[in-house]
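All of the numbers you see were taken from the coordinates with simple rules; none came from a lab. It should be emphasised that the depicted structure is a prediction, and the values quoted were computed from it without experimental measurement. Cβ placement follows ideal geometry from the backbone for every residue including glycine, while neighbour counts extend to all protein chains displayed.
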Amino acid sequence: GIAIVVIIIVPFVIVSINKKMKIKKRTDAFLTKALKHNLNVSDYELMDNFSIGLDKENLKLFYIKGNEINPEEFVIDLTLLNKCYSSDSSRSVNTSDKSISVIDRLELVLKYKETTKADTIIEFFNTDHFPHINNELQIIEKWVQLIKPLLKIK
């Protein structure tokens, strides 16, 4: 009886430990890259297709786009911004009894004070990469709420 329970439970324990180790490795790698840019990241989010972090002391946003093989790193100076908001591209889909809105793309838009400078767009979700939206709506709103108050600090 006990041997069967152990045989059933052990694979779940191993999977759980491996997942925690992978998350820790990604977190450590992200924070190490932020340190290379002299950033002290206090808030961060690690998603499948990007990582984002905030240095509230230096008013900088750190963003890594792409995968581990070919990542692109960006440091955005929040003192140069005047606006931050979320934007989505959605479409209506008709079902048998009603019409529903489907989000195809979800982005964090950072607008610069200098109007000649192009907006910085951080993609949180895109149906081209992932078929279903999960918690990206809540996460993007969290980031808007984290960044907005910092735009008022000079």
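Annotations for the structure displayed:
- The GluC sites (Glu not before Pro) of region 20-123 meeting both criteria, a DSSP state outside H, G, I, E and B (loop) and at most 15 other C-beta atoms within 10 angstrom of the site's C-beta, are Glu57, Glu68, Glu114.
- As a length-normalised measure over Cα pairs under 8 Å and 6 or more apart, the relative contact order of the chain settles at 14 percent.
- Label corresponding to mean projected area of the Cα convex hull in nm² when calculated from the structure given, among [x] 14.4; [y] 8.2; [z] 16.1: [x]
- Estimated dipole of region 19-137 in Debye, rounded to 20 [Cβ of Lys and Arg +1, of Asp and Glu -1, Cα centre]: 340 debye
- By other beta-carbon atoms within 10 Å, ranking His132, His37 with the fewest at the front produces His132, His37.
- Net charge, Ile133 excluded, C-beta distance under 11 Å - Lys, Arg +1, Asp, Glu -1: -2
- When the Gaussian network model of the chain links Cα atoms closer than 10 Å, the mean-square fluctuations of Ile133, Ile23, Ile14 top out at Ile14.
- Once the Cα atoms are used to define both axes, helix 2-36 deviates from the longest principal axis of the chain by about 20 degrees.
- Listed from fewest to most Cβ neighbours within 10 Å, the set Ser90, Ser51, Ser96 follows the order Ser96, Ser90, Ser51.
- Fewest-first ranking of Val144, Val5, using other Cβ atoms within 10 Å as the exposure measure: Val5, Val144
- In this simple spin-label approximation, Ile8 and Ser101 carry label points 7 Å from Cα along the Cα→Cβ vector, and these lie 4.5 nm apart.
- Positive-pole candidate from Thr115, Asn70, Gln138, dipole of region 48-154, charges at beta carbon: Thr115
- Loop-located trypsin sites (Lys or Arg not before Pro) in region 1-110, at most 14 other Cβ atoms within 10 Å (DSSP): Lys98
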